[in-house]
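Chemist: Below is the structure I would like to discuss, written out as structure tokens.
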Amino acid sequence: MVLEEAAAKKRVQLLKNLPTLPGMIDKISRAVESKRFSAADIGKLISRDQVLTAKVLKLANSAFFGFSRKVGSLTQALVLLGFDVVKGLILTSSVFDLMKNKGEDLWRHSMGVASAAAIIATEVGMPDAEEASLAGLLHDLGKVVIRVHMPDDSASINELVEVEGLALREAEREVLGFNHTQVGQWLAESWKLPEQLSEPIRWHHKPEGSRAAPQMTAAVHLADCLVRGFGYGDGGDPWVPPLDRFALKQLGLNSQKLENIVAELCEKLSSANGASMGS
Ligand SMILES: [Fe+2]
Ligand SMILES: [Fe+2]
């Protein structure tokens, strides 16, 4: 089993350059690391890909995000949001592109969690609501990879969920020996995502496991539970995961704050009439 897992990790990490991500991330990362380029230079580099640019701006300006400012260009996005957030937006749109017409429900779930995570971050006074949106958007990234790159296993997993009533991540573990949080983490590692994003991907179902970003992970955990509770989109099984006490404590939530979060999320999700897969 250990060996199999290592082999799976290797396979997933080889996906680093997904078909819709033509070396762009590496190129931009190198430009940022070299420190010789300004935000305007890097903005120009990304803008050469117009489809990608349009998608990133559409996401950045989506009503689901906690971004309070209108983002008009990629250079502005880099200045206002920072490179990590822009990189995350590029990755998200590229990864979900893989699912095109098959993954609308998971996309809606992810957008809902992005929205909820931003609301939670703001309510508990975290300084980085934008990063929380992104962590929410990316949290189930591993599910996309499993569906697209392991279609036979994915079919067996779905069958276990439907016939045996297992939670998706239990079914994943049974069929694959690991689950989508690990797959997501492997990709996050190969993309060198910061811990504020990679830890929620890895630990959103078990928030006490997060060492480097416990509050962000707790926010995404709660966001995931709430969005499932609302029945918005589809996370892959019909179950609402139990709320983890550790996460609530980590966020310092009292019942009033929780009520505010639920009310705001309710309003947002009911007014969002199905954001489509960023075409
Ligand atoms: Fe998940
Ligand atoms: Fe989820």
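Chemist: Does the stretch 218-234 include one or more residues that are away from ligand 1 (no atom under 12 Å from the Cβ), surrounded by fewer than 21 Cβ atoms within 10 Å (Cβ to Cβ), without any contact (Cβ under 8 Å) to a residue 40 or more places away in the chain and closer than 30 Å to K27 by Cβ?
Modeler: no
Chemist: While we're looking at this one, here's another question. So which of D140, D84 is closer than 21 Å to R202 by Cβ, among the charged types (D, E, K, R) and under 12 Å from the mean Cα position of the chain (by Cα)?
Modeler: D140
Chemist: If I go through the stretch 209-260 residue by residue, how many of them are in a helix (DSSP H, G or I) and not acidic (D, E)?
Modeler: Going residue by residue through the stretch 209-260, those that are in a helix (DSSP H, G or I) are 209, 214-230, 245-251, 255-260.
Subset that is not acidic (D, E): 209, 214-223, 225-230, 245-251, 255-258, 260.
The number of residues fulfilling the criteria is 29.
Chemist: Could you tell me whether any residue of the stretch 114-127 is closer than 19 Å to A54 by Cα and within 16 Å of ligand 1 (Cβ to nearest atom)?
Modeler: Taking the stretch 114-127 and keeping what is closer than 19 Å to A54 by Cα, we get none.
No, the stretch 114-127 contains no residue that is closer than 19 Å to A54 by Cα and within 16 Å of ligand 1 (Cβ to nearest atom).
Chemist: Then there is this: For the stretch 179-217, what are the residues that are hydroxyl-bearing (S, T, Y) and closer than 17 Å to K143 by Cβ?
Modeler: Applying the first criterion (hydroxyl-bearing (S, T, Y)) to the stretch 179-217 yields 181, 190, 198, 210, 217.
Result: T181, S198.
Chemist: For G72, indicate whether it is assigned by TED's automatic domain parsing to the domain that holds Q185, over 14 Å from the mean Cα position of the chain (by Cα) and either part of a loop (DSSP other than H, G, I, E, B) or crowded, with 24+ Cβ neighbours inside 10 Å (or both). Spell out the reasoning first.
Modeler: Values: assigned by TED's automatic domain parsing to the domain that holds Q185: no; over 14 Å from the mean Cα position of the chain (by Cα): yes; either part of a loop (DSSP other than H, G, I, E, B) or crowded, with 24+ Cβ neighbours inside 10 Å (or both): yes.
Here the answer is no, as G72 does not meet what is asked.
Chemist: Hey, does the stretch 39-52 have a residue that's away from ligand 1 (no atom under 16 Å from the Cβ), acidic (D, E), in contact with a helix residue (DSSP H, G or I) (Cβ under 9 Å, 6 or more places away or on another chain) and not assigned by TED's automatic domain parsing to the domain that holds A218?
Modeler: yes
Chemist: In the stretch 39-61, which residues are surrounded by fewer than 18 Cβ atoms within 10 Å (Cβ to Cβ), touching a residue at least 24 places away in the same chain (Cβ under 8 Å) and not acidic (D, E)?
Modeler: At the first step, the residues of the stretch 39-61 found to be surrounded by fewer than 18 Cβ atoms within 10 Å (Cβ to Cβ) are 40-41, 44-45, 47-51, 53-54, 58, 61.
Filter once more, so that each one left must be touching a residue at least 24 places away in the same chain (Cβ under 8 Å): 40, 44, 47, 49, 58.
Hits for the stretch 39-61 are A40, K44, S47, K58.
The values are calculated or read from the model by the stated rules, or taken from the named source; none is laboratory data. From a predicted model like this one, the values you see are computed outputs, not experimental measurements. Ideal geometry is used to build each Cβ from the backbone, glycine not excepted, and the neighbour counts take in all protein chains shown.
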